[in-house]
Amino acid sequence: MWIALALLSALCLGFYDIFKKMSVRDNDVLMVLMLNTVFGAVYMLPLVLASVSAGNYGFGNTATGHLMILGKSAIVLGSWLLGYFAIKHLPLTVQGPINASRPVLVLCGAMLIYGEWLNWIQWTGVALGFTSLLFISRTGIKESENGENLRWIWMSVGAMVLGAASGLYDKFLLGRYSPLDVQGWYSVYQCIIMVVVISILRCKTSAGTCFVWRWSIPCIALFLTAADMAYFYALSLDGAMIGIVSMMRRGSVIVSFVYGMTVLHEKNIRPKLVDLGILLLSLILLVLGSG
C-alpha cells in the first residue's frame, strides 16, 4: 500500500513542478511562494478547525509537538525559497534532475539514522537511479555553465539538501504523530512564517518583478497538498522505508521532463531521454524489490 501511495505522490509532484514553473515565469517569486503557502493553509484549515472544535489541538495538546512542526515549516520554507528562484531561472530538464538527486542524501541518512537496509534488487534500482540522475544533472550543468546560471544551480542544490533534511525529519515526526496533524498544522505554521518573511524582505527591498495573477498559482498548493497527503500516509504505514519512498517520489521528474520537452521545447533532449529510461527502470526495480 505504501508503494502505491509513493507513486501517487510522485505523479502529483510532477504536476506541482509544472504549475510552479508556469507560475514563476516572468513573475514575482516571493508573492507566488506566499500565495502557495496561503492556499495550502486554506486547503488544510477545515481539518485543523474541526480538530480544534473537538478539543484536539494536535500532538496530544502539548507545546513540544507544535515546536517540532514549526521547525519542519522553517526547513521546508528554506528549501522552497531556494527552489522557487532556481526553477524560475533554470530549464525544467536541469532543475528537475538536480532536485531528483535528493534520495542520495535521504538514503544515506535513513541508513545512518533509522537503520534501514535494502535487498539486492532495491540496491540495483538505487544504483541505476543515482547513475541516471548524475548523468542528467551533469548534462544540465554543461548547458548552463556561466556565472549567472551557476548561481541558480547552487540554489537548486541547496533546496535539494534542505528537502532531504525535511524528508528524514518527516519519518521521525510520523512515528509520533498522526499524518493529518502533521500536514494540517505544518501548512498553517508555514503560511504564518512566510507572511512574516515576505514582510521583512519587502521592507528591505523595493525593486523586483511585478506580480501577475495566474490560474496555475492555486494549482501549486493543490497538487502539493495531494502529494504530501499520500506521502505522509505512506510513511505512517508499517514497513514503509523513507529511503525507498523518497526515491520513488523523485519519479516526478519524468512528468516535468516530458512537459519541458514537449511544451517548453528545451534542448539536449535525446541524451536525457536515455538517462530517464534508466531512471524508470530503477523505479520498477524498487517496486519489485519491495513487493
Practice task
Taking the options GLY158, GLY239, name whichever one is within 21 Å of LEU77 (Cβ to Cβ) and either touching a residue at least 40 places away in the same chain (Cβ under 8 Å) or not in a helix (DSSP H, G or I) (or both).
Solution key: GLY158
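Out of PRO103, PRO97, I need the residue that is within 30 Å of PRO179 (Cα to Cα), modelled with pLDDT under 75 and surrounded by 18 or more Cβ atoms within 10 Å (Cβ to Cβ). Which one? Talk me through it step by step, then tell me what you get.
Numbers: PRO97 fails: modelled with pLDDT under 75.
Answer to the selection: PRO103.
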Exercise for the section: Could you pull out the residue among TYR16, TYR43, TYR57 that is over 17 Å from the mean Cα position of the chain (by Cα) and touching a residue at least 40 places away in the same chain (Cβ under 8 Å)? Expected result: TYR43
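Got at least one residue in region 209-216 being at pLDDT below 80, farther than 28 Å from ARG138 by Cα and part of a loop (DSSP other than H, G, I, E, B)? Reasoning before the result, please.
If we filter region 209-216 for residues that are at pLDDT below 80, which is where we start, we get 209.
Imposing the further condition that a residue be farther than 28 Å from ARG138 by Cα reduces the set to 209.
Retained after the next criterion (residues that are part of a loop (DSSP other than H, G, I, E, B)): 209.
Within region 209-216, one or more residues are at pLDDT below 80, farther than 28 Å from ARG138 by Cα and part of a loop (DSSP other than H, G, I, E, B).
Would a scan of region 50-57 turn up a residue that is among the polar types (S, T, N, Q) and part of a loop (DSSP other than H, G, I, E, B)?
Taking every residue of region 50-57 in turn, at least one turns out to be among the polar types (S, T, N, Q) and part of a loop (DSSP other than H, G, I, E, B).
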Practice task
Would you point out the residue of region 27-62, among those that are aromatic (Phe, Trp, Tyr) and either modelled with pLDDT of 85 or more or in contact with a Ser or Thr (Cβ under 8 Å, 6 or more places away or on another chain) (or both), that is most open to solvent (accessible area, probe 1.4 Å)?
Solution key: TYR57
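Given the residues LYS88, LYS72, which is the only one that is part of a helix (DSSP H, G or I) and open to solvent by less than 40 Å² (accessible area, probe 1.4 Å)?
Just one listed residue meets the conditions, LYS72.
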Practice task
Filter region 153-167 for residues that are farther than 16 Å from HIS89 by Cβ and open to solvent by less than 30 Å² (accessible area, probe 1.4 Å) and give the result.
Solution key: GLY163, ALA164, SER166, GLY167
Problem - Residue in region 176-184 that is open to solvent by 60 Å² or more (accessible area, probe 1.4 Å), more than 18 Å from the chain's Cα centre (by Cα) and over 26 Å from MET68 (Cβ atoms) present - result: no
Fill in the blank from the handout: Just one listed residue, out of LEU273, LEU286, is surrounded by 23 or more Cβ atoms within 10 Å (Cβ to Cβ) and out of contact with any Leu (no Cβ under 8 Å at 6 or more places or on another chain), and it is LEU286
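The values are calculated or read from the model by the stated rules, or taken from the named source; none is laboratory data. Note that the structure is a prediction, hence the values are computed from the model and not measured. When we count neighbours, we look across all protein chains shown, and the Cβ atoms used for this are built from the backbone with ideal geometry, even at glycine. Areas reflect the complete protein model, heavy atoms only, side chains present, ligands, DNA and RNA absent. Shrake-Rupley method; radii C 1.70, N 1.55, O 1.52, S 1.80 Å.
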